Structures are given as C-alpha cells and as structure tokens.
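Below is one structure, written out as structure tokens, with a few remarks after it.
The values are calculated or read from the model by the stated rules, or taken from the named source; none is laboratory data. What you see is a predicted model, and the numbers here were worked out from it, not measured in a lab. Here the Cβ positions follow ideal geometry from the backbone for every residue, glycine too, while neighbour counts run over all protein chains shown.
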Amino acid sequence: MKKEFSKEHRQYLAKKKRNLALIWVCRIGILLLLLGLWEMAASLGWADPFLTSSPSRIAVTIASLYADGSLFYHIGVTLLETIIGFVIAVAVGCAVALLLWWSETVKRVLEPYIVVLNALPKIALGPLIIIWFGTGSTAIVFMTVLVGVIVATLHMLTAFMATDENKILLLRSMGASKFQILRKLVIPSSLPAFISMLKVNVGMAWIGSIMGEYIVSRAGLGYLIVYGGQVFKLDLVMSATCILCVLAAGMYALVVLLEKLIVKDAES
C-alpha cells in the first residue's frame, strides 16, 4: 500500500535529499581539489615528487601492480587478515564483556588486567608473536585481534553497565531472570554502542593488520609499504597507503549500512 505524505512532509524529504546531495558534492569536490593541488605541486616543482609522489605517479604504480598480477594478491592477503582479525576481536570482546557484566566478581577480578592490556603497546609483543606463531598470516591475525579485542570489550562492557537500572529493577520485580533481562533489555539497549564499537574497531583492525605486516610479512599492503620504504620506492609506499584508505573507507561504509538496516528494523 502506497504511503501518502502531506505537502510539508514532502517538502521536508526533498530538503533532506538536497542537503545530502550537497554534502556529497562538497566531499567529492574537496577530494578533487586536494588531488589537483597535490598534482600541481609535484608538476610545478613546489614539492619533490620523489619524496611526496603524486596522483598520476600513484595511478601508474597501481597500474603496474595490476599488470604484473600482484595488485589483487596483496590486497586479498591484507583484506583477509583484517576481516578475520576484526570478526574474532568483535566476537571475543562481546563475549568477555557479557561475562564481566554477568558476574560482578569476575569483573572486579579481571578489570585491572584488561586496563593494563589496553595500555600495553602491542608492538612490544612483536618478537613474542613471531616466536609463538611464526612468520605467516596467523601472527598477523593475532596482532589484529590483540589490538581490537580490548577496545571491543571495554566499549561493550560500558554499554552493558549503562543500562537503565530502573528498568532492570522493574523487570526483576516482574520475576524476570538475569538471562531474560539480558535478552530483552541489556542487548537491545546496547545496539547503538555496538555499532559505535564496530566503527572504532574497523580502524583498529586495519592498524593491527598493517602493524603485523610491518613486523612479519611476505605479502600484503603492509609488506609493500615496508619494501617500498627500504628500496626508496616512495610511489609504491603512497600507492599502498591510498589503497588502504579506500579499503578502510569501504569497510566503514559496510558498518554504516549495517547501522541503517538495524535502525530500519527497529523502527518497523
């Protein structure tokens, strides 16, 4: 059945569409302006293109990687490691947060250790990770999980603990069990925080995977960055960095899409 909107509502929706279109035009315009200024600075000698590269040189480098068949191989290696680490970090973080919310005793015992692990520079564990997991993708995935799991745990624990106490008391007075309170109140009220945690952990996952590839890798975008820096192929470094930006933006966009689907489902 087709919905009928009032004239004012149609005007409001049209204004929202115009604002959204304006936002996208501004975003694309700023990006094109920055790329144009970058290219101009390199072409006119305002900046040394050997040190700063340029959009045209980056395009040529990416085309050469595509031509020799290594572009999608390196992208696939890093993307797979990042996604696996991201999923494991989110799943383990949420499970640990649920455990800490469920038992106050466990929370009080483990909380200091979680705080210390969160403050620990993960890169310091690099030599140990190599010894434990070798020089393959497993070590990189573990680094990705290590970077993201504490963030996921702290975000979700804070969200669980912020649940309205009055609503919890109301459900308890009606005879609800702790599991029912968790399923009916705590988890639904924590969905916005869950989406926020996913957005944060997208960045953490890329940081973890690239950090792992810096330490130990034989393929991937982090490997290209390290190799390019070692042999002074800065066009390769900038190309891999730009590809990382595109991939991270795409992963973030998927989380935003998930957020819209959840909000739409909750409203319906």
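Things to note:
- Candidates are the residues of the range 228-260 that are over 18 Å from the mean Cα position of the chain (by Cα) and among the hydrophobic types (A, V, I, L, M, F, W, C); the one that is surrounded by the fewest Cβ atoms within 10 Å (Cβ to Cβ) is VAL231.
- Check on ALA47, in a helix (DSSP H, G or I) and either outside the structural domain of LYS233 (by TED's automatic domain parsing) or closer than 25 Å to LYS233 by Cα (or both): no
- Qualifying position, being more than 25 Å from PHE179 (Cβ to Cβ) and not in a helix (DSSP H, G or I), among GLY69, GLY85: GLY69
- Residue in the range 174-195 that is at pLDDT 85 or above, over 30 Å from LEU224 (Cβ atoms), surrounded by 13 or more Cβ atoms within 10 Å (Cβ to Cβ) and touching a His at 6+ places or on another chain (Cβ under 7 Å) present: yes
- Here is the figure for the range 50-62: residues that are farther than 19 Å from GLY222 by Cβ, under 27 Å from the mean Cα position of the chain (by Cα) and either assigned to a helix (DSSP H, G or I) or touching a residue at least 60 places away in the same chain (Cβ under 8 Å) (or both) total 3.
- Set GLY29, GLY69: member being assigned by TED's automatic domain parsing to the domain that holds GLY208, farther than 30 Å from ILE187 by Cβ, without any contact (Cβ under 8 Å) to a residue 12 or more places away in the chain and not polar (S, T, N, Q): GLY69
- Residues in the range 103-116 that are surrounded by 14 or more Cβ atoms within 10 Å (Cβ to Cβ) and of a type outside the set (D, E, K, R) were compared, and the one that is farthest from MET204 (Cα to Cα) is LEU110.
- LEU80 closer than 23 Å to TYR227 by Cβ, surrounded by 15 or more Cβ atoms within 10 Å (Cβ to Cβ), out of contact with any Lys or Arg (no Cβ under 9 Å at 6 or more places or on another chain) and assigned by TED's automatic domain parsing to the domain that holds LYS199: yes
- Among the residues of the range 126-163, those identified as farther than 30 Å from LEU191 by Cβ and in contact with a Phe, Trp or Tyr (Cβ under 7 Å, 6 or more places away or on another chain) are ILE129, PHE133, ALA139.
- Some residue of the range 141-148 being assigned by TED's automatic domain parsing to the domain that holds ILE83, surrounded by fewer than 17 Cβ atoms within 10 Å (Cβ to Cβ) and in contact with an Asp or Glu (Cβ under 8 Å, 6 or more places away or on another chain): no
- The number of residues in the range 205-241 being under 28 Å from ALA152 (Cβ atoms), of a type in the set (A, V, I, L, M, F, W, C) and part of a helix (DSSP H, G or I) comes to 10.
- Pair list, Cβ under 6 Å, 6 or more apart: the range 98-116 residue assigned by TED's automatic domain parsing to the domain that holds ILE187 and among the aromatic types (Phe, Trp, Tyr), other residue surrounded by 13 or more Cβ atoms within 10 Å (Cβ to Cβ) and modelled with pLDDT of 85 or more: TRP101/PHE160
- Number of positions in the range 88-105 that are part of a helix (DSSP H, G or I) and over 22 Å from the mean Cα position of the chain (by Cα): 6
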